[in-house]
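Below you'll find the structure, written out as structure tokens, and then a few comments.
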Amino acid sequence: MMLIMQSKPTRKQVSHDRIVDVASRAIRRAGANGVGVADIMKEAGLTHGGFYAHFESRNALVSEAMRHAWQDTSQALMNAMARRVAAGESRFAALVNCYLHDSHLEKVEQGCVIAALSSEMTRLDEAARGDAKRLVAQLIALVRSCLPPGCDPANGAIVASTMMGALQLARTLGGKQGRELLALARKQLINQFDPVLS
């Protein structure tokens, strides 16, 4: 039997990961242009001067923070969906109910980075835009994988954009109106694409 030794992360790697984690929450909360490097470094407990030891530019941080945010969101979404599927929901209903859950409305900094930044993505630098396109493609692929049998795969983009738009409008409305909009969007999507469950 061969043992594989895992090396302990370096102090620099721990700091780097902390910066990316803070930035991933900050950009979802305030937008890619709504937070500065100094704010992110301060929240990470590090000095502003150390930033360039970790990233070649602010845009490089935004790109990595978006990827990290999507990893967090997609993993949490998959875990929540698995619990609902185990309780008897279809994958499609589980996806819609989890993505459009009230907690996603209230916890912007933990929510979907695509919904949080979609209006800014076209104004990002070329590398970050490329990352954003890949994240959108991953969301659409996730939706397609959850569509009921017989659904046109092209509906994946329609469902993804409907969910993102509903979430954005619900966040704008906030409170009771926002929750009502999410409930209506959940019901309409499930009725339209998974009518066996309605």
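The values are calculated or read from the model by the stated rules, or taken from the named source; none is laboratory data. These numbers were taken from a predicted model, which means no experiment stands behind them. Here Cβ is always computed from backbone atoms with ideal geometry, including for glycine, and neighbour counts include all displayed protein chains.
Can you confirm whether segment 137-160 contains a residue that is within 21 Å of Phe193 (Cα to Cα), in contact with a Pro (Cβ under 9 Å, 6 or more places away or on another chain), in a loop (DSSP other than H, G, I, E, B) and of a type outside the set (S, T, N, Q)? Checking segment 137-160: at least one residue is within 21 Å of Phe193 (Cα to Cα), in contact with a Pro (Cβ under 9 Å, 6 or more places away or on another chain), in a loop (DSSP other than H, G, I, E, B) and of a type outside the set (S, T, N, Q). A residue that is under 26 Å from Ala115 (Cα atoms) and either surrounded by 21 or more Cβ atoms within 10 Å (Cβ to Cβ) or among the polar types (S, T, N, Q) (or both) occurs nowhere in segment 46-56. Within segment 32-88, the residues that satisfy the criterion of being under 30 Å from Leu142 (Cα atoms), out of contact with any Cys (no Cβ under 6 Å at 6 or more places or on another chain) and small (Gly, Ala, Ser) are Ala32, Gly34, Ala60, Ser63, Ala65, Ala69, Ser74, Ala76, Ala82, Ala86, Ala87, Gly88.
Does Glu43 satisfy the condition of being over 15 Å from the mean Cα position of the chain (by Cα), surrounded by 17 or more Cβ atoms within 10 Å (Cβ to Cβ) and not hydrophobic (A, V, I, L, M, F, W, C)? Here the answer is no, as Glu43 does not meet what is asked. If you go through segment 22-40 and pick out every residue that is surrounded by 15 or more Cβ atoms within 10 Å (Cβ to Cβ), in a helix (DSSP H, G or I) and of a type in the set (Gly, Ala, Ser), you end up with 4. Whenever a residue of segment 113-131 is among the aliphatic types (A, V, I, L, M), its partners that are assigned to a loop (DSSP other than H, G, I, E, B) and loosely packed, with under 14 Cβ neighbours inside 10 Å, lying with C-beta atoms within less than 7 angstrom and at least six residues away or across chains, give the pairs Leu117/Gly31. Filtering segment 7-35 to residues that are among the small types (Gly, Ala, Ser) and in contact (Cβ under 8 Å) with a residue 12 or more places away in the chain leaves Ser15, Ala23, Ser24, Ala26, Gly31, Ala32.
Restricting segment 141-173 to residues that are within 23 Å of Arg28 (Cβ to Cβ) and without any contact (Cβ under 8 Å) to a residue 12 or more places away in the chain, the residue that is surrounded by the fewest Cβ atoms within 10 Å (Cβ to Cβ) is Thr172.
The residue list Gln6, Gln13, Gln110 contains one member that is at pLDDT below 95, of a type outside the set (A, V, I, L, M) and either crowded, with 16+ Cβ neighbours inside 10 Å or touching a Cys at 6+ places or on another chain (Cβ under 9 Å) (or both), which is Gln110.
Between Ala87, Ala44, Ala23, the distinction of being among the small types (Gly, Ala, Ser), out of contact with any Lys or Arg (no Cβ under 8 Å at 6 or more places or on another chain) and farther than 30 Å from Cys151 by Cα belongs to Ala23 only.
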